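Written below as C-alpha cells is the structure these notes are about.
The values are calculated or read from the model by the stated rules, or taken from the named source; none is laboratory data. Just so it is clear, the model here is predicted, and its values are computed rather than measured. Methodologically, a virtual Cβ is constructed for each residue, glycine included, from the backbone with ideal geometry; neighbour enumeration extends over all protein chains shown. Just so you know, the surface numbers come from the protein's heavy atoms only, side chains and all, with ligands and any DNA or RNA stripped out. Shrake-Rupley method; radii C 1.70, N 1.55, O 1.52, S 1.80 Å.
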Amino acid sequence: KKISVNLVDDHQIVTDGLVLIFSSDESIEIMDVAQSGTMALAQLAKRTPDVVLLDYSLGKGANGEDSNGLEVAEVILTKHPKVKIMMLTMHDTSEVIVPCIAAGVHGYMLKSEKNADFGAAIRHLYEFGHYFSPEVAKDLALNISKHSKGSIALSHREQEVLDALYKGASTKEIGDGLYISHHTVESHRKNLIHKFEAKNSVHLIYLALQKGYLSV
C-alpha cells in the first residue's frame, strides 16, 4: 500500500516541486494539493490521506481568507484524528515549534534543510508516528529543560544575546560579535525583558540565573 499524502502550501512552486519529488517515490502517492487552509479542509471532508504535509505560514487563499497552518492543523487533528500531520516551514525557533508539538502535530520539517529526504521523512512518520528533522530535534533538546523550568521559550539568537549580556558585553560588542545590527540587538534585549517580565537588564540577568537560563 502506498502512503497517501496531501500537500498544503500557498506557493505553487513549492507544491509543484514536492509533486515532482514524490513522483519518483514508489511508496508515496499524492492524493490532493491545496493552496489554502480552507481548500485543504474541504478536500479532507471528501477523502482523507494518511499524511498531510502542511505549511505553517499560509497566506491568503484564493477567496482572500486568512489561513494559519497551526489553526488548520488543530482542525484536522480534531476532525480527522487518524491523519498524520507533518509541518513544513522555514521557522526553526522553539516559539513556533513547541506550540505545534503541544497542539499534537506528528512531525516538523524545515524547508531550508539541506539534502532533505522528504520521502524518508514521510515513511518514518507513517511507520513510527512521528518525525522531526535533525535541526528541529537539536533545538528541542536545547530548550526542553528550559521549557519545563520556566516555560519561557527562547530562540537560539535570544540565548546568544542573553549570554553576551551576562558577560557584560555592550550593544555594539554584541552586534559585532553576532554580526547583527545594534538595532537588532536592542530588539532582542527588549524581547527578553518582556518575556522574563523584568524591569531592566540587570533584573533580566537575575531572573535568567534564577530560572536556569544562564550558568554561573
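Once the stretch 107-118 is narrowed to residues that are farther than 18 Å from Phe22 by Cβ and either basic (Lys, Arg) or part of a loop (DSSP other than H, G, I, E, B) (or both), the residue that is modelled with the highest pLDDT is Ser112. Of the residues Lys172, Lys138, Lys167, the single one that is at pLDDT below 85 and open to solvent by 60 Å² or more (accessible area, probe 1.4 Å) is Lys138. Quick one: would you say Thr38 is modelled with pLDDT of 85 or more, within 22 Å of Val19 (Cα to Cα), open to solvent by 40 Å² or more (accessible area, probe 1.4 Å) and of a type in the set (S, T, N, Q)? Criteria met by Thr38. Among residues of the stretch 98-131 being of a type in the set (Gly, Ala, Ser) and more than 19 Å from Glu74 (Cβ to Cβ), the one that is most open to solvent (accessible area, probe 1.4 Å) is Ser112.
In this structure, is Ser24 under 21 Å from Ala120 (Cα atoms) and open to solvent by 50 Å² or more (accessible area, probe 1.4 Å)? The answer is yes for Ser24. In the condition set (1) without any contact (Cβ under 8 Å) to a residue 60 or more places away in the chain; (2) open to solvent by less than 40 Å² (accessible area, probe 1.4 Å); (3) within 18 Å of Met109 (Cα to Cα), Ile13 is compliant with all but (2). Do the conditions hold for Ile205, that is, is it open to solvent by less than 70 Å² (accessible area, probe 1.4 Å), at pLDDT 90 or above, more than 30 Å from Gly107 (Cα to Cα) and not acidic (Asp, Glu)? Yes, satisfied. The set of residues in the stretch 158-197 being among the acidic types (Asp, Glu) and under 18 Å from Ser94 (Cβ atoms) consists of Glu158, Glu160, Asp163. On the basis of being modelled with pLDDT of 95 or more, open to solvent by 50 Å² or more (accessible area, probe 1.4 Å) and within 22 Å of Cys100 (Cα to Cα), does Thr48 make the cut? Answer is yes for this residue. Residue under question is Leu58, and the condition is that it be farther than 21 Å from His130 by Cα and either under 12 Å from the mean Cα position of the chain (by Cα) or buried (at least 23 other Cβ atoms within 10 Å of the Cβ) (or both); does it hold? Here the answer is yes, as Leu58 does meet what is asked. Can you name every residue in the stretch 167-208 that is assigned to a helix (DSSP H, G or I) and either touching a residue at least 40 places away in the same chain (Cβ under 8 Å) or among the basic types (Lys, Arg) (or both)? Result: Lys172, Arg189, Lys190, Lys195, Phe196, Leu204, Ile205, Ala208.
Determine if the stretch 81-90 includes at least one residue that is at pLDDT below 80, under 25 Å from Asn191 (Cβ atoms) and surrounded by 19 or more Cβ atoms within 10 Å (Cβ to Cβ). No, the stretch 81-90 contains no residue that is at pLDDT below 80, under 25 Å from Asn191 (Cβ atoms) and surrounded by 19 or more Cβ atoms within 10 Å (Cβ to Cβ). With respect to (1) out of contact with any strand residue (DSSP E or B) (no Cβ under 8 Å at 6 or more places or on another chain); (2) at pLDDT below 85, the lone exception for Val96 is condition (1). Pairs meeting the criteria (first residue in the stretch 83-96 and in contact (Cβ under 8 Å) with a residue 12 or more places away in the chain and assigned to a loop (DSSP other than H, G, I, E, B), second residue hydrophobic (A, V, I, L, M, F, W, C) and open to solvent by 10 Å² or more (accessible area, probe 1.4 Å), beta carbons under 9 Å, at least 6 apart or on different chains) are Val83/Leu77; Thr93/Ala153.
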